[in-house]
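To start, the structure under review is shown below, and the notes come after it.
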Amino acid sequence: MSPRRIDMHTHFLTAALADALRRRNELPQIVSRDGREFVAYAPGVAYPLVPDMVDVDAKLARLDEAGVDVAVLSVNIPGVDFFPAGDAQTLARDVNDELSDLVGRHPKRLAALATLPWPAPDAAAEELRRGVGVGLKGAMTYANVAGRPLDEPAFRVVFDTAVELDVPMLLHPTRPIYSQNIEPHMLVPVVGFLFETTVAALRLVYDGLYDRHPGLKLIIGHTGSLIPHLAGRIEYEGGRLGAGASLEIPTLEALRRLYTDTISGWPAALRSALDFHGPGRLLLGTDAPFWQAERTYASLEELRLEPEVAEAISWANAARLFKLAG
C-alpha cells in the first residue's frame, strides 16, 4: 500500500504573475530563447517554464505520477518583491485570487500559500489576512525582499499577523544579496540559496523573533539549509562572540523550532536535519518541478525510518501544520 503524501514544497506560477513578468524589461523577467520561455531572476540564472509549473491539469497529472495526494502550492521566485509597492499589492491580490480559485476547483488535491506584497509591509499583513480568509493556508516569504533583510523592524507586522492567524510561513531562497562571486557555474541555486536562507533565519532569530513569538510556525526550505550542519559552530562561535546573548530563548533552541522539508537528495543531510529539528518538524517536500519526487523518496527510504516517523513526515506533520483534513 502506498503511503499517504502531502507535498508541502511544490511550485506553481500563476498566470497573473507570469504575465506581469513578461511585461518587464529588467530582471526579474520572463524572456524567450529559441522558442522557449525562461524566468530570469538573477544575472546569468534562469529557469524554463514547464507545463506543470503553469498548467493545473499538468500539475495534477504530475502529482498522480509522483504518488502525491495533496500539494501545497507556493509561487516560484521572484514573487512580487521586485515590483513597485503599489503594483506589488495589486499583483499579490490577483495571484492569491488565482490560487484560491485553483484550490476551490480541486479541494481534495490542492492547498496553497499566499504571495505577499512584502515591499509594503502593512499591506502584506492585510493581504495575508485576506488570503487566509479566502482559504489559503499561510504564506511564502523569501529570504530577502528585493535586497532588504527580513529582520528589518518594518516587516515585524507580517510575522505578528501570521502568529495571530496561527498559520505557517515558508522561508524560501531568492536572488541572494549576501553572496559574492557566485554568478558563474550556476552557484546561485547550488550554494547561494542555502547560504541566503541560513543567514535570513539566523538574523531573524538573533533579532528576537522567537522571543516575541515562541509559537511561530516558520518553515525553512531545503532540509534546514545549512543550519543542522553548522549547529555546533553557531553555538560555539556565536556564544563566544556574544551573538544572541540577550535572547530569552537560546539560539539553538530557537533554531530547533523551525520546521523544514525533505529536499536534499543526500540521505546523510536528511538525517542531520531529522536529528536537529526532530521528527515532528520534518515535512515531505519535492521542490517540483525543479526536482524529481523520486529523489526525496529514495533518500527517505535509505534512512529506514520507523513506520510512525515515516508517516509523520509524509503526511501527519503537514496535515497538522496546514490544518488539512485527513
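Once each of the GluC sites (Glu not before Pro) sitting in a DSSP loop with at most 13 other beta-carbon atoms within 10 Å is removed, the chain keeps 27-247 as its longest stretch. The share of accessible area on the range 53-100 that comes from carbon and sulfur is 45 percent, using a 1.4 angstrom probe.
For the range 138-233, the solvent-accessible area with a 1.4 angstrom probe is 37 square angstrom per residue.
Between the C-alpha center of the range 202-258 and that of the range 51-65 there is a gap of 36 Å. Per residue of the chain, the DSSP helices (runs of n ≥ 4 H) give a summed -39500 (n - 2.57) that works out to -12000 deg cm²/dmol at 222 nm. Using label points projected 7 Å from each Cα along Cα→Cβ, tell me how many nm separate E37 and E152, to one decimal. Spacing of the two 7 Å Cα→Cβ label points: 3.0 nm. Taking the DSSP beta bridges with both ends in the chain, the antiparallel portion is around 35 percent.
Taken along its three principal axes, the alpha carbon spread of the chain comes to 53, 48, 43 Å, from the longest extent down to the shortest. Computed over the range 79-186, the alpha-carbon pair-distance distribution with 10 angstrom bins reads 15, 45, 28, 11, 1, each value a whole percent. Each Lys and Arg Cβ is given +1 and each Asp and Glu Cβ -1; about its Cα centre, the range 249-306 then shows a dipole of about 180 debye. Working from label points 7 Å from Cα in the Cα-to-Cβ sense, the H185 to R304 distance is 3.6 nm. Would you list, by chain and number, the lysines whose Cα falls below 22 Å from the Cα of K108, excluding same-chain residues fewer than 8 positions away? Reachable lysines: K59, K137, K323. Between E164 and A245, the contour length at 0.36 nm per residue exceeds the Cα-Cα span by 26.4 nm. With each label modelled as a point 7 angstrom along the Cα→C-beta vector, the E311-D211 pair spans 4.1 nm. Each Lys and Arg Cβ is given +1 and each Asp and Glu Cβ -1; about its Cα centre, the chain then shows a dipole of about 120 debye. Evaluated with a Cβ-only charge set (Lys, Arg +1; Asp, Glu -1), the range 153-301 carries a dipole of roughly 140 debye about its Cα centre, given to the nearest 20.
The values are calculated or read from the model by the stated rules, or taken from the named source; none is laboratory data. Every value quoted in this text rests on a predicted model; they were computed, and no experiment measured them. Neighbour counts are summed over all protein chains in view; Cβ atoms, including those assigned to glycine, are modelled from backbone coordinates with ideal geometry. Side chains are part of the model used for accessible areas, which takes the heavy atoms of the whole protein and leaves out ligands, DNA and RNA. Shrake-Rupley method; radii C 1.70, N 1.55, O 1.52, S 1.80 Å.
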